[in-house]
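The values are calculated or read from the model by the stated rules, or taken from the named source; none is laboratory data. Note that the structure is a prediction, hence the values are computed from the model and not measured. Cβ coordinates were reconstructed from backbone atoms using ideal geometry, including for glycine residues, and neighbour counts include every protein chain displayed.
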Amino acid sequence: MLGKLIKHEWKAIWKFLLAMIIFNLAITLVGVLGLLFSPDMTASDPPPIYIIFIIAYVSTYFLGMAAVFFGSLIYLGSRFYRSMYGAEGYLTHTLPATPLQLITAKTIVATLMLIINGLLLCLSGCALAVSLAASLGETIPWNAMMVALTDPSFTGGTPIIVYIILYLVMLLIGLITSILMIYASASLGQLFNKHRVLGSVGIYFGLSMAMQITMTVLMIASVSIMVNLDGYNQSSDNFLSTFIQSTIATALYGFVFFIITYAITKKKLNLE
C-alpha cells in the first residue's frame with residue numbers, strides 16, 4: 001500500500017515540480033548567456049550598464065532560488081493540510097492505509113521533491129561559476145579541488161570530503177525535519193475550531209523559533225564543555241564534534257515532529 005500511496009502523491013505534485021524545474025532552468029540560462037556574451041570583464045573600466053545588470057541579476061537569482069525553496073515548502077504544507085485535514089481528507093482517510101503509511105508516503109515524496117530542487121540549484125551554481133570563469137578568461141582548477149577534498153592538511157586533520165559527506169547527511173536530515181515540522185504545525189492547527197490555517201502558521205513560527213533557540217543553546221553548551229575540558233582551538237575535530245551533535249539534535253526534532261503528526265492523525269483527527 002505504501003508504494004501506491006507514494007505513486008499517488010507523486011502524481012499530485014509533479015506539475016508543481018515541473019514548474020519549479022522550468023523556472024530554475026530559465027533563470028540559469030539567462031545568467032549563463034549574460035556572462036558568456038558579456039563585455040570584457042577583465043577591462044579596467046567595464047560599462048556601467050553591465051555592472052548594473054550583474055548586480056540586478058545576482059539579486060534576482062538569489063531571490064528566485066529562495067522563492068523556489070520557500071515556495072516548495074508552502075506548497076507541500078498546503079498539499080498536506082488539504083489532503084489530510086481539508087475536504088480531501090474524507091477521501092484520504094477512507095483508504096485502506098494507516099496514518100503511519102500516509103505520513104511516510106507524503107514525507108518521502110516531499111523529500112524527493114526538495115532533493116531534486118537542491119540538485120538543480122547546485123547544477124545552476126556550477127553552470128554560473130563555469131560561465132563566470134570563462135568570461136574572465138580563467139578556468140576552474142578542478143584537479144586542485146579534487147586533491148583538496150582528500151588532503152587532510154587543508155583542514156589540519158579531517159579531510160574536506162568527510163565534511164562534505166556529513167554536510168549532505170545533515171542537509172538531508174534537515175530537509176526531512178523541515179517537512180515534518182510543517183506537518184506537525186498543520187496537525188496541531190487542525191485542532192482549532194476556527195482559523196486553522198492561521199493557527200498552523202503561528203504554530204510553525206513558534207516551533208521554528210523554539211528549535212533555533214534550542215540548537216543555539218546546545219551549540220553554546222557544547223563549545224563551553226570543550227573549553228572546560230581541553231580548550232577550544234577551532235581544530236577540525238572540535239568542528240566535527242559540534243557538527244555531529246547538531247545533526248543528532250536536528251534528527252531528534254524531526255522524530256518529535258513525526259510523533260506529533262502521527263498521534264494527532266491517529267487519535268485527534270478533526271476534519272473540516
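Details
- Test: residue in region 99-120 that is modelled with pLDDT under 75, under 30 Å from residue 29 (Cα atoms) and part of a helix (DSSP H, G or I): no
Every residue, every condition in (1) assigned to a helix (DSSP H, G or I); (2) surrounded by 15 or more Cβ atoms within 10 Å (Cβ to Cβ), yes or no:
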| residue | (1), (2) |
| --- | --- |
| 54 | yes, yes |
| 57 | yes, yes |
| 60 | yes, no |
| 64 | yes, yes |
| 72 | yes, yes |
| 82 | yes, yes |
| 87 | no, no |
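Quick grid of which residues meet (1) within 21 Å of residue 99 (Cβ to Cβ); (2) touching a helix residue (DSSP H, G or I) at 6+ places or on another chain (Cβ under 6 Å); (3) modelled with pLDDT under 85:
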residue: 181; (1), (2), (3): yes, yes, no
residue: 185; (1), (2), (3): yes, yes, no
residue: 188; (1), (2), (3): yes, yes, no
residue: 192; (1), (2), (3): yes, yes, yes
residue: 196; (1), (2), (3): yes, yes, yes
residue: 201; (1), (2), (3): no, no, no
residue: 211; (1), (2), (3): no, yes, no
residue: 217; (1), (2), (3): no, no, yes
residue: 221; (1), (2), (3): no, no, yes
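- Selected residue [in a loop (DSSP other than H, G, I, E, B) and within 29 Å of residue 195 (Cβ to Cβ)] from 91, 95: 95
- Single unsatisfied condition, residue 35 versus (1) surrounded by fewer than 17 Cβ atoms within 10 Å (Cβ to Cβ); (2) part of a helix (DSSP H, G or I); (3) modelled with pLDDT under 80; (4) not small (Gly, Ala, Ser): (1)
- A residue that is at pLDDT 80 or above, out of contact with any Cys (no Cβ under 7 Å at 6 or more places or on another chain) and assigned by TED's automatic domain parsing to the domain that holds residue 78 cannot be found anywhere in region 40-62.
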